[in-house]
Amino acid sequence: MTLLSSLSTSQRVLRALMGAAATAVALASWLATPGGSLIAALGLVVLTAFVVLDPGSRRTTLLMALLAAVWLWSAPAPSSLRHWALTFLVALALLVVHLAGALATVLPPAAPVPAATLRRWLRRGVGVVLACVPVWSVMIVATRAAAPGDAFLMYAALAGLVGVGAALALSTRPPKRAGTDG
Amino acid sequence: MTTPPTTPLSARWRPTAAHLRASVLGVCFVAIGVFMRRPDAVVIGAPLVAVAAWSVLRRPTALPRVHVWLRHPVLREGQTTAWTMAVAPGAGVEDVGLAVSEAPFTRYTPPSQSVARGDIGAAATPTQVAGPDGRDGSDGSGTTDEPAGPAEQAGPAEPVGGLVLLDVECQSIRWGVRSPGAATCAVSAAFGAWTWAPEPVSAEPLPTVPLPEVFSARTATPDPDGLVGRSRSRRAGDGAELADVRAFRFGDRLRRIHWPVSVRTGELNVTTTFSDEDAEVLLLVDAMHDLGTSTGYDGESSSLDSGVRAAAAVAEHYLRVGDHVGLQVLGAQASPRIPAELGSNQLRRILDVLARVRVADGGVVDKRRLRAQLRHPVPFGTLVVVLTPAVSVDVLAHAAQLARRGQPVVVVDTLPVSMTTGELPDDLLRDLVPDEDEVGDSARLAWRIRLLERQRELQRTRLSGVPIVPWVGPGTLDAVLRDLGRQRRSPRVMTR
């Protein structure tokens, strides 16, 4: 566990972002859902504090799993546009928690995170979100169109996800150079 | 550029907790969404799956070649060296970082003790680094690119031929054998999903020789007795300083004839000079106690700091003027006696021994060692300079004994001024008592009594003919050496 006083400013910002995103999901699951629980939200906020202090631990995985589980438990399957918007925001917040936690552990905690690294991670984060937009669109369409018990569109969405992954792989693969060992 | 003086570090790429998190949670959320018909679970899991897939597809395929080393084997107080990390990144490497752990009496630049660089993939091109054996790092066909030379600026440097250098500067601020903090380096790939992290690298102990304080003595040593040198002896001979004008005798050199006196008196007269000879100086550094606070070469000095730096300064001065200088550290473990020699190599030997001085812990063994060291014979005519905080009675008694034998002895008092008061602050008093709970009025009273005893012992030592001076840098020894010179020219009683 790292002392906050020994962290660089950029690391503190990263951890603050992580804490804010996790707290926002916890509060949203309490305030914006019909089955929200104050106790669960408070528990998540307390766990968030520990995760912020040590983002490289397994507690980060536990926090993300609990945040998603509490949200899925307290919110019904989205049917209105408001519910979908909230779901997307929760997905974005969880992505922020994951990326900020990963970036916070990549480099020495006391070292300022290089600007180039921040730009690259931000760019890729946006890329991931854009890549997920088709999947999310399929989900909305599937929810509106599908009769109960028909999972065809769900599988179509999964196939789309795989396709998006393959497209990402092809687009991000560096060009081969002659004579390199990589 | 020369070859990095270390073998490349070895490790292998490992998936990080973040990658496992993205993979496991992403798949779980999507599975929950499919099997429980919760599209919102798929929405939440999709970004994580995308991140995990991206990370797998950009997995590094080659090991980076990393060298980490400390640039200098020996330092002077205040000098700076650097932990240097040279990375020849392979494909997929995106971020590199170097962190150095904390070490006492060491200042780091940057103060965070760590540096990172994040544009490795864009800036560096695949290259090969020659190892210390001269063989190429990867396929045997590449060029040789290695970092070397002093660290000019800490932090990430520009890539040199595809090689990325990171420096964390370490400034040693106190003499002694320093253990620079271990260097930890890390290399990571896309989304922090893969990390290449070898074991932390520790450097050999780094001797830091004392920075000699400014010192000069304009008065010659009282009893030079060598062959060559710049100290005026008491004997007539070839030299620069005028001794007498006397009548010409057979064998005198004609160029010594003093014509004004010869013309005036009507007979030939010649000038005589004192011969220039070298003196022998023995430095006795009292390491039985280290009193006061030490905050480095530019801060407060403890008694041992003052003693060591003063010994270095005196040795440097007398060796430069051609005298023989020897050294004995009293009470210190594994500190060999250095016989009096001259030359720059002798200065190096003395500084090296001074850098390794460790204060005695005051046990029976240390006292026995001190007595054995004090029994070493001192050649007659040697100027003995005792650098002591004058807390150890044995050392003062030894100085008085040498003086009674006719040796020229000077005691330099190295007790810090802050310690000469009876009203010591708690932080200074804490170093004097064995248990922190004992810090209080009784300990303060005990120190006051010790100071009174010390004053009495100093007085007795002075009465036995040993001058005691505080260390003030240039001119510290001038007045006492002049007095000693006068004493040497007058008749005296001594014990053999």
request  = Kindly provide the trypsin sites (Lys or Arg not before Pro) of the range B:331-393 that DSSP labels as loop, not H, G, I, E or B, and whose Cβ sees at most 16 other Cβ atoms within 10 Å.
outcome  = B:337, B:358, B:375
remark   = Footprinting proxy, B:288, A:64: sorted fewest to most Cβ within 10 Å, the residues are B:288, A:64
key: Theoretical FRET efficiency, 1/(1+(r/R0)^6), r = Cβ-Cβ of residue B:375 and residue B:101, R0 35 Å, to 0.05   = 0.20
Linear extension gain, residue A:16 paired with residue A:82, 0.36 nm per residue minus alpha-carbon span = 21.1 nm
ask   = Do any chymotrypsin sites (Phe, Trp or Tyr not before Pro) in the range B:293-392 lie in a DSSP loop with no more than 15 other beta carbon atoms within 10 Å, and if so, which?
value = B:380
Test item: B:31-39 mean partner chain Cβ contacts at 10 Å = 6
task = In nm, give the distance between the simple-model label positions of residue B:483 and residue A:65, each being 7 Å from the Cα along the Cα-to-Cβ direction.
result = 8.2 nm
ask   = For residue B:203, what charge total do you get from the other residues with a beta carbon under 15 Å from its beta carbon, if Lys and Arg give +1 and Asp and Glu give -1?
value = -3
message = Only sites in a loop by DSSP and with at most 14 other Cβ atoms within 10 Å count here; which trypsin sites (Lys or Arg not before Pro) in the range B:10-40 make the cut?
response = B:12
query = Among B:454, B:58, B:255, B:462, which comes first, second and so on when ranked by fewest other beta-carbon atoms within 10 Å?
reply = B:255, B:462, B:454, B:58
For residues of B:84-97, the mean tally of beta carbons on other chains within 10 Å = 3
request  = Report the local net charge at residue B:457: Lys and Arg +1, Asp and Glu -1, summed over other residues whose C-beta lies under 14 Å from its C-beta.
outcome  = +1
key: Virtual spin-label span in nm between residue A:130 and residue B:293, 7 Å along Cα→Cβ   = 5.8 nm
note = For residue B:463 and residue B:57, extending 7 Å from Cα along the Cα-Cβ vector and measuring point to point gives, in nm, a value of 9.5 nm
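A short reminder: the numbers here are calculations on the coordinates, not readings from a lab. Just so we're clear, the structure is a prediction, and the values are computed from it rather than from any experiment. Every residue, glycine among them, receives a Cβ derived from its backbone with ideal geometry; neighbour counts consider all protein chains shown.
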